[in-house]
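Some notes on the structure that comes next.
Nothing in this text is a laboratory measurement; each read-out follows from the coordinates by a stated rule. Keep in mind that this is a model prediction, so the values were computed, not measured. Cβ sites come from the backbone with ideal geometry, for glycine too, and all protein chains shown count toward neighbours.
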Amino acid sequence: MKKIVGYIFGTILRFGVLAAVLGGGFVFGGALIAARTAQQELPNEPLPVEVTEVIQQETYVATRKFAGRIAPQQVTDVGFQLGGQIVEILVEEGAPVAEGQGMAVLDTEQLINRRDDLTAQAREVEAQLDRAEATLKRTQELVEQGFSSRQALDNIRAERDSASARADRIAAQISGVETDIADATIRAPFSGQVVRQYLDSGSVVQPGQSVFRINESGVLEARIGIPITFRSRVQIGERFDVSAGALTTTGTITAIVSDVNTQTRTLTVILKIDDDPGFVARDLVRLSLTEEIRETGIWVPAKSLHESLRGLWSVFTVTLNEAPKEALPEREGRLERKDVEVIHIEEDRVFVRGTLEHGDLVVSAGTFRFVPGQTVRIARGL
């Protein structure tokens with residue numbers, strides 16, 4: 001009897017707990033459904049957008065950039081005018097040099113010996129010339145007195161002239177040797193920097209063989225190739241902006257090389273750098289030239305573009321609700337997507353043509369957040 005009463009009581013208890021749980025679930029589920037229904041009934045807040053009112057143009061100005069290199073005004077390879085062995089290198093690669101400064105020296109022992117030998121010969125000939133002059137003077141006196149013939153006088157005069165000619169020849173030879181001794185030292189033709197050293201001490205060189213390369217210091221040039229079609233856009237004496245990375249300055253055109261590069265079909269324009277901002281020889285520089293092109297289109301912000309179909313791009317425009325534009329910002333409208341074709345690209349804007357019209361309000365940024373037909377609010381722009 002007790003077991004039956006306990007079983008009935010336990011069943012009633014479990015049924016009560018289950019009913020309570022299910023009742024709570026029904027209550028919780030009902031609240032969740034009510035919350036969702038209330039959320040769906042709330043109106044969607046239009047997203048804010050920035051817009052730009054675009055203007056159609058019949059032409060646009062394109063900036064073209066052409067590359068070139070910075071170079072010293074003078075660059076030269078220097079060497080000895082004589083052949084011989086290098087006995088001393090006076091400067092190192094990368095060192096600055098002043099005009100006339102010695103850079104390397106050849107062995108001059110043989111030249112010095114040759115100069116000493118010629119100097120001795122010169123003294124000997126000078127003594128012979130002095131003796132011939134004295135003999136000529138005495139013979140002239142004897143001829144006047146009738147004690148000598150004119151033939152003897154002519155012979156002595158010929159000996160004097162021969163000695164004088166030998167003296168002149170030896171003097172010229174000594175001068176030549178002195179020049180060779182001076183040429184045995186390479187001297188910088190202008191102030192600059194040693195950018196390359198081809199040979200070291202102990203090397204045997206031939207006449208004219210390069211030993212150093214020197215770049216002139218202080219004066220820099222930009223050598224830039226431009227297409228033949230731009231020849232009429234540049235004139236000698238004109239100034240243009242040139243840049244290398246973050247460094248920008250102006251250059252004055254000093255020459256236009258008329259010889260056309262057959263591979264690139266370009267002319268070389270040489271510009272003297274007016275105020276060096278820190279360029280280094282061989283720096284890559286760019287010259288900016290502008291060109292007006294007749295093409296109908298519209299400038300739009302570069303961030304307003306997003307990819308469309310068939311290789312085209314598109315932009316979002318805002319079609320306002322009925323109200324004058326003077327009420328902007330805080331106006332609302334609907335988004336419309338319009339396909340465009342890119343004509344020209346600059347850093348922060350793009351020239352396009354297509355279904356875009358004059359006066360359209362183009363969404364200028366954040367286009368990835370939107371879809372056609374969406375309601376938006378003009379935050380700022382124009």
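Going by average Cβ density within 10 Å per residue, which order do the peptides 136-146, 74-84 take, highest to lowest?
On the way: 136-146: 12.5, 74-84: 15.8.
Top to bottom by mean Cβ count within 10 Å: 74-84, 136-146.
With charges only on Cβ, +1 for K and R and -1 for D and E, what is the dipole size of the chain about its Cα centre, in debye, rounded to 20?
So the magnitude is around 2500 debye.
Evaluate 2.2 N^0.38 Å with N set to the residue count of region 108-183, then give the Cα radius of gyration divided by it. Don't jump to the answer; show the numbers that get you there.
Working: Rg = 17.1 Å, N = 76, 2.2 N^0.38 = 11.4 Å.
Rg over 2.2 N^0.38 Å, computed on Cα atoms: 1.50.
Report the label-to-label distance for Glu341 and Arg353 in nanometres (one decimal), using points 7 Å from each Cα along the Cα→Cβ vector.
Each label point lies 7 Å from its Cα, and together they span 0.7 nm.
Computed over the Cα atoms of region 103-243, what is the convex hull's projected area averaged over all directions, in nm²? Could the numbers behind the result be given before it?
Details: hull surface 72.0 nm².
If I average the Cα hull's projected area over directions, I get 18.0 nm².
Of the listed peptides 246-254, 354-362, what is their order by residue-averaged count of other C-beta atoms within 10 Å, with the highest listed first? Write out the running numbers ahead of the final one.
Numbers: 246-254: 15.2, 354-362: 17.6.
The packing order, highest mean first, is 354-362, 246-254.
How much length is gained on full extension from Glu141 to Thr290, taking 0.36 nm per residue of separation minus their Cα-Cα distance? Don't jump to the answer; show the numbers that get you there.
Values: separation 149, 0.36 × 149 = 53.64 nm, distance 9.34 nm.
That pair, Glu141 and Thr290, stretches by 44.3 nm at full extension.
With a length cut of 30 Å (Cα positions projected on each helix's long axis) and a Kyte-Doolittle mean of at least 0.5, go through the chain and give me the DSSP H helices that pass. Don't skip to the end; give the middle numbers.
Numbers: long enough: 2-41 (58 Å, 0.97); 109-145 (55 Å, -1.08); 150-183 (49 Å, -0.61).
For the chain, where a helix must reach 30 Å along its axis and average at least 0.5, the hits are 2-41.
Would you mind pulling out the separation of the Cα centroids of region 262-284 and region 98-112, in Å?
Taking the Cα centre of each part, region 262-284 and region 98-112 sit 35 Å apart.
Seen from all sides and averaged, what is the projected area of the convex hull of the Cα atoms in the chain, in nm²?
On the way: hull surface 193.4 nm².
Mean orientational projected area (the chain, Cα hull): 48.3 nm².
Would you mind putting 179-187, 228-236 in packing order, based on average other-beta-carbon counts within 10 Å, highest first? Intermediate values should be presented prior to the final figure.
On the way: 179-187: 16.6, 228-236: 12.2.
Highest to lowest by the protection proxy: 179-187, 228-236.
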